[in-house]
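K.L.:
This structure is in structure tokens; I'll ask about it shortly.
The values are calculated or read from the model by the stated rules, or taken from the named source; none is laboratory data. As the structure is a computational prediction, the values presented were derived from the model and not from experiment. Reconstructed Cβ throughout: ideal geometry from the backbone, glycine too, with neighbour counts over all protein chains shown.
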């Protein structure tokens, strides 16, 4: 693990400076000291705080009865305090926690904006899909309306043609009926006269 993160802005003052508390020193130490102790498994994690890429931790070194309070960025150690008293270590951890929170505010705003933009993109995609569905539906309705109109026009034309055919057929039928009536009348007029003469002839013979 590197001794310091790359391209970091200067750290704001964490509110904890080397001082004396209950007769014990609070000192800044190198990151290598904590890294070596972590590698040896000599540190117990008492507190941890994470806010996006920033983190604060409170370690206890049992062998030497001291606490280490650390500030991290992107997993790399950034600042380390070595403290002998638990109360002072808790105060330092609280300050580093506040520091991590403040430093991550921009990341919080960025994350929220990204989420809001993603939501807007999803809504835009949904709206576009709805527009396409509505446009397709309207196009389908328009196509169906055109087909119905064309069918109605063809049907009206066919009705006109059928009506013309009906009138012509009815006229022809009426003409044939008149001919039938005429021929039938002629046939009836001839048949009774012949039958009357035959009856009279038969009666005279008797």
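K.L.:
For residue 11, work out the one condition from (1) surrounded by fewer than 17 Cβ atoms within 10 Å (Cβ to Cβ); (2) at pLDDT below 95; (3) farther than 27 Å from residue 108 by Cβ it doesn't fulfil.
P.N.:
(3)
K.L.:
Report the residue count in the range 38-54 for those that are farther than 22 Å from residue 87 by Cβ and not in a loop (DSSP other than H, G, I, E, B). I'd like the intermediate steps shown before the answer.
P.N.:
Taking the range 38-54 as the starting set, the residues that turn out to be farther than 22 Å from residue 87 by Cβ are 38-42, 50-54.
Adding the requirement that they be not in a loop (DSSP other than H, G, I, E, B) leaves 38-40, 50-51, 54.
Of the residues in that region, 6 qualify.
K.L.:
Could you pull out the residue among 102, 130, 126 that is more than 30 Å from residue 40 (Cβ to Cβ) and touching a residue at least 60 places away in the same chain (Cβ under 8 Å)? Don't jump to the end; show me each part of the working.
P.N.:
On the way: 130 fails: touching a residue at least 60 places away in the same chain (Cβ under 8 Å); 126 fails: touching a residue at least 60 places away in the same chain (Cβ under 8 Å).
None of the others qualify; the one that does is 102.
K.L.:
Among the residues of the range 79-95, which ones are crowded, with 21+ Cβ neighbours inside 10 Å, in a strand (DSSP E or B) and out of contact with any helix residue (DSSP H, G or I) (no Cβ under 6 Å at 6 or more places or on another chain)?
P.N.:
Across the range 79-95, the qualifying residue is only 82.
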